[in-house]
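*Asks:* There's a structure below that I have some questions on.
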Amino acid sequence: MSDSLSQNELYFCETVFLVGPTAVGKTDAAIWLAKRINAEIVSADSMLVYRGMNIATAKPTIEQQAEVPHHLIDVLEPSESFSAARYRDLATSAIEEIHQKGKVALICGGTGLYVRALVDGLFDGPEADWELRGELLAEAEAKGPGAVYARLKEVDPAAAAKATPNDLRRVVRALEVHYKTHRRISDLQVQWKEKHPAPPMLGLTMNRRALYRRIGERIEEMFQRGLVEETKSLLERGLRSNRTAMQAIGYKEVIGFLDGLYPLDEAKRLLKRNTRRYAKRQLTWFRKDDRIKWCSFDDYDSAQDLYEALLQCLHGYPGRDEA
């Protein structure tokens, strides 16, 4: 954490987290909740920071952002790199700014590492080595992700056990740490085994069939809204130079279509499949944190009833008055 906002200060300040998988309905829930608890929203999404990456990221619309102030949206060009450490610093500054106004900071998003960076801090790992990452990703493309995953199993079985061969971002990062430091990322992350006291952490979920249906409907709508055209525009603005942004779900599948690797129908199929897999990984990540209080759409007759339940979940947390 930054010197100006310690872990304990973050806990006792008015800060609330709202997490969950993609397409579950976090944006609408966050806006409703923010209005009820006098909050401003701080995004915890690794792709919402990029200008122009609107459709595939399901970025809150201009109208939604006008309802409640949002932070850490549209702060970088698609060609610029970003990291969890930089996110932590920017988010911490935004939280301080919100608290100085006498308001609640509502951290909303599905990037688990960003949430963890704020709540539990980050381990002291090396900076990104894009050349090494490129080599590992090229190997995964040529030989299949299992080949790179096998490497990780050899050097860090504990880290491999927490990932899958298809979770290339995590696998490549773990190998990068090993090759750069000659240490295992699972050893460096030992601080995360002991969870810190946390501000209120709320989770949104629903049954998997309903979530996957929402994902499919959202993706069809993305193409209708102009996802292909938006991707072309991003490529013209230098998207290919940012390897992290290039891997954003939605854009990488459309880029394959634009590069002539497969037809548009296949791009849609891949996008739906990859988004479902991503949602599953998000749920797996967040489910491991027993500090999160979960609310499921399946348990309520309407979204309004679920939002009221989220509000009720805030009662009883240390240092919180009744909302």
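FYI, it's all coordinate maths here, none of it is from the lab. Owing to the predicted nature of the structure, the values given are computational and were not obtained by experimental measurement. Every residue, glycine as well, gets a Cβ built from its backbone with ideal geometry; the counts of neighbours run over all protein chains shown.
*Asks:* Please list, by residue number, every one of the trypsin sites (Lys or Arg not before Pro) in the range 22-63 that is coil in DSSP and has at most 16 other beta-carbon atoms within 10 Å.
*Replies:* Answer by residue number: Arg51.
*Asks:* Loop-only check: which GluC sites (Glu not before Pro) in the range 223-323 are DSSP coil with at most 13 other Cβ within 10 angstrom?
*Replies:* On the way: sites: Glu229, Glu230, Glu236, Glu253, Glu266, Glu308, Glu322; in loops: Glu322.
Filter output for the range 223-323: Glu322.
*Asks:* Can I ask one more? Which Cα, out of Ala163, His71, Ala138, lies furthest along the positive dipole direction of the range 60-167 (beta carbon charges, K/R +1, D/E -1)?
*Replies:* Ala163
*Asks:* Over the range 130-192, what is the mean sequence separation of C-alpha contacts under 8 Å (at least six apart), divided by residue count, expressed as relative contact order in percent?
*Replies:* Working: 57 pairs, mean separation 18.1, N = 63.
Relative contact order comes out at 29 percent.
*Asks:* Please compare each pair in Lys180/Lys252; Lys59/Lys232; Lys35/Lys101; Lys59/Lys280 to a cut-off of 24 Å on the Cα-Cα distance and tell me which ones are over it. Each step should come with its number before you reach the end.
*Replies:* Values: Lys180/Lys252 27 Å; Lys59/Lys232 18 Å; Lys35/Lys101 15 Å; Lys59/Lys280 20 Å.
Correct reply: Lys180/Lys252.
*Asks:* Taking Cα pairs under 8 Å and at least six residues apart, what relative contact order does the chain come out at, in percent? Spell out each step's value before the answer.
*Replies:* Numbers: 427 pairs, mean separation 82.2, N = 323.
That works out to 25 percent.
*Asks:* Still on this structure: In debye, nearest 20, what is the charge dipole magnitude of the chain about its Cα centre with +1 on Lys and Arg Cβ and -1 on Asp and Glu Cβ, if you could check?
*Replies:* Details: 47 positive and 47 negative charges, 224 e Å.
With Lys and Arg at +1 and Asp and Glu at -1, about 1080 debye.
*Asks:* Also, I was wondering about something else. So what's the back-of-envelope 222 nm ellipticity for the chain, counting only DSSP H runs of four-plus at -39500 (n - 2.57) apiece and dividing by all residues, rounded to 500?
*Replies:* Working: 16 runs with 172 residues, N = 323.
It comes out at -16000 deg cm²/dmol, rounded to the nearest 500.
*Asks:* With just the Cα atoms of the range 188-297, tell me how far they stretch along each of the three principal axes, in Å, largest first.
*Replies:* 48, 35, 20
*Asks:* Right, next: Take the alpha carbon atoms of the range 134-163, find their center, do the same for the range 225-291, and report the distance between the two centers in whole angstrom.
*Replies:* Here the answer is 21 Å between Cα centres.
*Asks:* I would also like to ask the following. Efficiency by 1/(1 + (r/R0)^6): what FRET value for Arg225 and Glu308, r their Cβ-Cβ distance, R0 = 35 Å, to the nearest 0.05? Don't skip to the answer; put the middle values down first.
*Replies:* Details: r = 31 Å, r/R0 = 0.89.
E between Arg225 and Glu308, to the nearest 0.05, is 0.70.
*Asks:* Follow-up question, since we're still on this one. Mind listing which trypsin sites (Lys or Arg not before Pro) in the range 57-158 are in a DSSP loop and have 16 or fewer other Cβ atoms within 10 Å? Don't skip to the answer; put the middle values down first.
*Replies:* Working: sites: Arg86, Arg88, Lys101, Lys103, Arg116, Arg133, Lys143, Arg151, Lys153; in loops: Lys101, Lys103.
The qualifying sites are Lys101, Lys103.
*Asks:* Using just the alpha carbons, could you tell me how many Å³ per residue the convex hull of the chain encloses? Working shown, then result.
*Replies:* Values: hull volume 43.3 nm³, N = 323.
Taking only Cα atoms, the chain has a hull volume of 134 Å³ per residue.
*Asks:* Once amide H atoms are built 1.01 Å from N in the peptide plane, which residues 5 or more positions from Lys293, or in another chain, come under 5 Å H to H?
*Replies:* Amide H neighbours of Lys293, under 5 Å, 5+ apart: Met201, Leu202, Gly203.
*Asks:* Here is a further query. Loop by DSSP (not H, G, I, E, B), at most 15 other beta-carbon atoms within 10 Å: where is the longest site-free stretch of the chain for chymotrypsin sites (Phe, Trp or Tyr not before Pro)? Mind dumping the intermediate values first?
*Replies:* Values: sites that count: Phe123, Tyr300.
With chymotrypsin sites (Phe, Trp or Tyr not before Pro) excluded where exposed in loops, the chain gives 124-299 as its longest stretch.
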